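Chemist: Can you keep this structure in mind? I'll have questions shortly.
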Amino acid sequence: MIGNIISRFFKREPPEKTRVNLVNITNGNFSPWTGTAWENDIYRGAVDAIARNAAKLKGVHAVTYEGQKQPANDNRINRLLQVAPNEYMTAFDMLYKLTTQYYLNNNAFALLNWNEQGRLSGIYPINYTHVELQADRMDNLYVEFTFRNGKRAQFSYNDVIHLRRHFNGNEFLGDDNRALSATLELAHTQNEGLENSIKSSAHLRGILKLNQLTADVELKKIKENFVKDYLSMSNDGGIITTDKKMEYVPIENNPLNLDVTQLQAVKNKIYDYLGVSEKIVNSSYNEDEYAAFYESTVEPLAVQMSLEFTRKIFNERERAFGNQIVFESGRLQFTSNKTKVNLIKELLPYGILTINQALEILNMAPIEGGDKRLQTLNVVDAERVTEYQMMKAGKKNDGIKSNGNSNSAK
């Protein structure tokens, strides 16, 4: 689908290019790791837990002026970031897909589409099988994607959102997940061992030994009759009778039980690699555990997305005027209701929150006229306090002087 979108929106071929060959880079190529990470239930469950939480982030177009961040008047970008980045998915879908590719491939890409007026009109996450970075004679950077259907498309790197994880070995691209291949193979071996053990215990029950030479056809017939007469559900008594011609030796199948500590060790290695705990995956976390997960895993991704979206959506002049994209937690999802109420009680009297902001923290709908701030009279501007103290000191000095004058007059 993305191939059709790309071919429809981008017709022009970029200038003549050469493969990127910079210092400390062996090549500008990357293919997603062909390991079985996504097929592993532990890995997929962990990535899904991270992506579900990261997809709750809210992208906001803001303007920083004189050190203060203010919402931008242009809601067009906010609609793309918060509602529908393109005609095929919601904002949640886009962030989920980017986060999933971020952890599976350590390189996540999204295409920025601009309309004829030069305004951003769509954001499209890209599924690819191979990516190659190239540069033209003026050192302008381009990226070429190969898709699953074999088609290719080239775009300016400035029009592509690029999120990188394990960004170390390559000048432009994040490293792959080969460091986890041994752990995933071990997890696969454990699953296969359990499966084969269960299958063998369910099939092989015993050995029917004949004490005389018998033709193969006759052996098969004797076995079928024995199973039918004695090993079927119709044998209510559970008794087997044999003569000297045959002997039945039952086999006790003891299924292989893997050590629980070994299973948990493999699971923990996968979780540690992804930066997530088992309680986050199975949603049994408490407030502190989720806060730690958010600050260590989700928030760094939010910072990276904020910087990359800002860098690619706005040009240098627009950024100089304070335009930026911020991915933030619009609500304090990880806090309990008790903590939320205490937070509002502490902040609202200082005029830090508006009424609607307090309602948003509680996941409640805004009210009319709720954008005003309330502040207790016990809290005043520091400059006003200084003025008040100076005024009070001045009156006191005037009283002393007047008293002194009156005394001297006497």
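The values are calculated or read from the model by the stated rules, or taken from the named source; none is laboratory data. Predicted model, so just to flag it, every value in this text is computed and none were measured. Cβ sites come from the backbone with ideal geometry, for glycine too, and all protein chains shown count toward neighbours. Areas reflect the complete protein model, heavy atoms only, side chains present, ligands, DNA and RNA absent. Shrake-Rupley method; radii C 1.70, N 1.55, O 1.52, S 1.80 Å.
Chemist: Sort out which residues of segment 118-150 are open to solvent by 20 Å² or more (accessible area, probe 1.4 Å) and small (Gly, Ala, Ser), and write them in order of number.
Modeler: GLY118, SER121, GLY150 - these are the residues of segment 118-150 that are open to solvent by 20 Å² or more (accessible area, probe 1.4 Å) and small (Gly, Ala, Ser).
Chemist: Then there is this: Considering only segment 260-282, state which residues are of a type in the set (A, V, I, L, M, F, W, C), open to solvent by 20 Å² or more (accessible area, probe 1.4 Å) and in contact (Cβ under 8 Å) with a residue 24 or more places away in the chain.
Modeler: Within segment 260-282, LEU263, VAL281 meet the criteria.
Chemist: Here is a follow-up. Of the residues that sit in segment 87-117 and are among the acidic types (Asp, Glu) and over 20 Å from ASN158 (Cα atoms), which one is surrounded by the fewest Cβ atoms within 10 Å (Cβ to Cβ)?
Modeler: GLU87
Chemist: Give the residues of segment 358-377 that are more than 15 Å from LEU343 (Cβ to Cβ) and part of a loop (DSSP other than H, G, I, E, B), sorted by residue number.
Modeler: ALA365, PRO366, ILE367, GLU368, GLY369, GLY370, ASP371, LYS372, THR376, LEU377
Chemist: Hey, another quick one. Tell me the helices (runs of 4 or more DSSP H) entirely within segment 25-118 that contain at least 2 residues that are closer than 29 Å to LEU184 by Cα and modelled with pLDDT under 95.
Modeler: 41-54, 91-105
Chemist: Just the residues that are charged (D, E, K, R) and within 30 Å of the chain's Cα centre (by Cα), please, taken from segment 335-374.
Modeler: LYS338, LYS340, GLU360
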